[in-house]
Amino acid sequence: MDYSQKVEHNRKPIIEKDFMDLSESELKQFVFDAKTKYFYYTKDGVNVACGKEQDNGNGKFDIEMFTCKKLAEYGHEVFLLPENYAMDGNKNKKVHGDTVTDCRALELKHTPENLQGNYRKAKHQATDVFIHIQNDITKENALDQIKRVSEA
């Protein structure tokens with residue numbers, strides 16, 4: 001199979017539900033499928049879905065790769081999923097995380113501000129959330145903002 005066929009294969013619908021609506025067995029299947037049924041190439045220690053680099057609007061791929069590379073440098077196993085990994089039969093995109101990291105779904109967020117809004121959205125997309133804060137904010141302030149969202 002050539003590269004363009006691998007890219008097309010990685011865009012086929014996978015799940016009919018949003019990620020957080022999956023049962024425990026469906027969650028395990030989602031992770032297993034993400035790691036075994038798709039075509040990846042390795043870049044900077046990250047398993048990147050073929051075609052993912054084509055979805056670089058506003059530098060999204062570059063930003064996601066920056067974070068994934070850091071995770072890989074710390075010893076995490078990272079699979080950066082295709083952009084349209086989860087779609088239903090009508091080709092409607094289903095909500096899911098950006099990666100499977102250490103056998104768990106991970107949503108990546110990058111923000112210079114609005115930490116609460118980004119976290120609020122991300123916690124409905126995957127089991128784990130990684131937020132890259134792009135401005136000067138103390139750890140205590142960041143944790144306080146996240147805690148307020150979690151308690152709401």
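The values are calculated or read from the model by the stated rules, or taken from the named source; none is laboratory data. Owing to the predicted nature of the structure, the values given are computational and were not obtained by experimental measurement. Glycine gets a Cβ as well: all are built from the backbone with ideal geometry, and neighbour counts include every protein chain shown. Side chains are part of the model used for accessible areas, which takes the heavy atoms of the whole protein and leaves out ligands, DNA and RNA. Shrake-Rupley method; radii C 1.70, N 1.55, O 1.52, S 1.80 Å.
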- Message: Mean-square fluctuation check for the chain, GNM, Cα pairs under 10 Å: which of Arg104, Arg120, Arg11 is largest?
- Response: Arg120
- Query: So what's the angle, to the nearest 10 degrees on a 0 to 90 scale, between helix 24-36 and the longest Cα principal axis of the chain?
  - Reply: 60 degrees
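Taking 0.36 nm per intervening residue step and subtracting the Cα-Cα distance, what contour gain separates Asn90 from Lys70 on full extension?
On the way: separation 20, 0.36 × 20 = 7.20 nm, distance 3.57 nm.
Fully extending the segment from Asn90 to Lys70 adds 3.6 nm.
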- Item | In order through the range 128-137: 3J(HN,Hα) via Karplus (6.51 cos²θ - 1.76 cosθ + 1.60), integer Hz, x for Gly, Pro | 10, 10, 10, 10, 9, 8, 9, 9, 7, 8
- Net charge of Cβ neighbours under 14 Å - reference Thr138; Lys, Arg +1; Asp, Glu -1: -1
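So, counting K/R as plus one and D/E as minus one, what does the shell of residues with Cβ under 14 Å around Cys103 add up to? Can you show the working numbers first?
Values: positive: Lys28, Lys35, Arg104; negative: Glu24, Asp33, Glu77, Asp102, Asp128.
Neighbour charge sum, excluding Cys103 itself: -2.
Given 25 °C and 0.890 mPa s, compute D for the range 94-152 with the Stokes-Einstein relation, Rh being the Kirkwood radius over Cα pairs; round to the nearest whole µm²/s.
Details: Rh = 11.8 Å.
Answer from the Stokes-Einstein relation: 208 µm²/s.
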- Sequence-distant residues sharing a close amide H with Ala105 (under 5 Å, placed H): Thr127, Asp128
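Can you give the accessible area per residue of the range 34-152, in Å², using a 1.4 Å probe?
Details: 6400 Å² over 119 residues.
For the range 34-152, the per-residue accessible area is 54 Å².
By the gyration tensor of its Cα atoms, with a ≥ b ≥ c the square roots of the eigenvalues, what is the shape of the range 1-116: rounded for a/c under 1.5, prolate for a/b over b/c, or oblate?
Since a/c stays below 1.5, the shape of the range 1-116 is classed as rounded.
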- Pick from Glu107, Glu140, Glu73: which is most flexible by mean-square fluctuation in a GNM of the chain where alpha carbon atoms under 10 Å apart are linked? Glu140
- Message: Under 19 Å between alpha carbons, and skipping anything fewer than 8 positions from Lys43 in its own chain: which aspartates and glutamates qualify?
- Response: Asp2, Glu53, Asp55, Asp62, Glu64, Glu73, Glu77, Glu83, Asp98, Asp102
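Quick one: with all protein chains in place, what share of the accessible area of the chain is carbon or sulfur, to the nearest percent (1.4 Å probe)? Don't skip to the end; give the middle numbers.
Details: 4160 of 8630 Å².
Solvent-exposed carbon and sulfur of the chain make up 48 percent of the total.
Can you compute the charge dipole magnitude of the chain about its Cα centre, using +1 on each Lys and Arg Cβ and -1 on each Asp and Glu Cβ, nothing else charged? Give it in debye, rounded to the nearest 20.
Computed charge dipole of the chain: roughly 180 debye.
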- Query: Can you give the helix-only mean residue ellipticity at 222 nm for the chain, where every DSSP H stretch with n ≥ 4 adds -39500 (n - 2.57) and the sum goes over all residues, rounded to the nearest 500 deg cm²/dmol?
  - Reply: -11000 deg cm²/dmol
